[in-house]
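Q: Dropping the structure in here first, questions after.
The values are calculated or read from the model by the stated rules, or taken from the named source; none is laboratory data. Remember, predicted model here, so these are calculated numbers, not experimental data. With ideal geometry, Cβ positions are generated from the backbone for all residues, glycine too; neighbour counts draw on all protein chains shown.
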Amino acid sequence: MLGHSHATSGALAWSAAAAALPLTLMTYPAMQSGSIAAVDLVMGTFLTAGAALLPDADHPKGTISHVLGPVSHYACRLINMISGGHRHGTHSLLFVALVTYGTWAGEHWIGRNFTIALCFFLLALAIKALNLAPSGDGIKSWGTVVILATAGTFAIDHWISDKPAWLPFCVGLGALAHLIGDCLTDRGCRLLWPLKVRTRFPIIDRTGNKVETLIVVPLFALATLALLWYTITTHQP
Ligand SMILES: [Zn+2]
């Protein structure tokens, strides 16, 4: 699957979860009750879109590897080495659990600085995947990503709480949406890594790139907007 398909599937998963799931589940493990504010819903949409790229941090030659220039490239090479190669450790349910609890732990033990840094990174991933910056791995590309992500982070800094209870769920859900997408391709994923079982329901093939760009991505984006609209107008006072 392409980066923009992953990003829009993450956004769609978030808006569908917000429309259908109880808040206690979306704020796991803090488990708050009540309703989620409209501004949190919108921030969560962009952040889940970015989180849906996280599993490909094991791919030193992927688009995401160059999102923040050499810094992210070397980080990806390291993750590739540790996780055993592309579509191994980071494409497992264990990884989903790890990023969910990692986000929760970072919020609680480090606090606001962690929250803001994570938002910057997730926004950068979303900007890169949604092709809002020039393509390639040069400074023109990652420089634009850094500028746009910084602007977005300033906006988020204005609205977000120190420890948003929904952020761990948002990160985990994004990663899970990525795994589901990859399971629909021929290569599948090793969801139960380190076990060697491969899960795959190959309905997307390589020739599907045009279908993804022209049909799947616009459809996911429209469905996301519709679900957000529904949730904000029916659940909010
Ligand atoms: Zn992947």
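Q: Name every residue in the stretch 77-93 that is in a helix (DSSP H, G or I) and more than 16 Å from the chain's Cα centre (by Cα), in order of residue number. Step through it out loud before you land on a result.
A: Within the stretch 77-93, the subset in a helix (DSSP H, G or I) is 77-83, 89-91, 93.
Selection gives ARG77, LEU78, ILE79, ASN80, MET81, ILE82, SER83, GLY89.
Q: Further, regarding this structure: Against the condition of a type outside the set (Asp, Glu), under 23 Å from VAL39 (Cα atoms) and assigned to a helix (DSSP H, G or I), how does THR144 come out, does it pass? Can you show your working first?
A: Working: of a type outside the set (Asp, Glu): yes; under 23 Å from VAL39 (Cα atoms): no; assigned to a helix (DSSP H, G or I): yes.
When the stated conditions are applied, THR144 does not pass them.
Q: Give LYS210, LYS163 a once-over and let me know the one that is in a helix (DSSP H, G or I) and not acidic (Asp, Glu). Give the steps one after another, and end with the answer.
A: Working: LYS163 fails: in a helix (DSSP H, G or I).
Matching residue, one of LYS210, LYS163: LYS210.
Q: If you check every pair at least six apart or on different chains, which have Cβ atoms under 6 Å apart with a residue in the stretch 1-21 that is at pLDDT below 95 first and a residue that is acidic (Asp, Glu) second?
A: Qualifying pairs under 6 Å: LEU2/GLU212; SER5/GLU212.
Q: From the residues in the stretch 104-124 that are in contact (Cβ under 8 Å) with a residue 40 or more places away in the chain and either among the charged types (D, E, K, R) or touching a Phe, Trp or Tyr at 6+ places or on another chain (Cβ under 8 Å) (or both), which one is farthest from THR27 (Cα to Cα)? Outline the logic, then answer.
A: Going residue by residue through the stretch 104-124, those that are in contact (Cβ under 8 Å) with a residue 40 or more places away in the chain are 104, 107-108, 111-112, 115-116, 118-119, 121-124.
Imposing the further condition that a residue be either among the charged types (D, E, K, R) or touching a Phe, Trp or Tyr at 6+ places or on another chain (Cβ under 8 Å) (or both) reduces the set to 107, 112, 122-123.
Working: GLU107: 13, ARG112: 17, LEU122: 19, LEU123: 20 Å.
Residue satisfying both the conditions and the ranking: LEU123.
Q: Would you check if there is a residue in the stretch 97-108 being within 16 Å of the ligand (Cβ to nearest atom), assigned to a helix (DSSP H, G or I) and charged (D, E, K, R)?
A: no
Q: Can you say whether TRP142 is touching a His at 6+ places or on another chain (Cβ under 7 Å) and either crowded, with 21+ Cβ neighbours inside 10 Å or within 19 Å of VAL96 (Cβ to Cβ) (or both), as far as the supplied structure shows?
A: Yes: the conditions hold for TRP142.
Q: Here's a check for you: in the stretch 52-89, which residue that is among the hydrophobic types (A, V, I, L, M, F, W, C) and away from the ligand (no atom under 13 Å from the Cβ) is surrounded by the most Cβ atoms within 10 Å (Cβ to Cβ)?
A: Pass one, the stretch 52-89, residues among the hydrophobic types (A, V, I, L, M, F, W, C): 52-54, 57, 64, 67-68, 71, 75-76, 78-79, 81-82.
Remaining after also requiring away from the ligand (no atom under 13 Å from the Cβ): 67-68, 71, 75, 78, 81-82.
Working: VAL67: 30, LEU68: 20, VAL71: 11, ALA75: 15, LEU78: 13, MET81: 11, ILE82: 11.
Restricting to residues being among the hydrophobic types (A, V, I, L, M, F, W, C) and away from the ligand (no atom under 13 Å from the Cβ), the top hit is VAL67.
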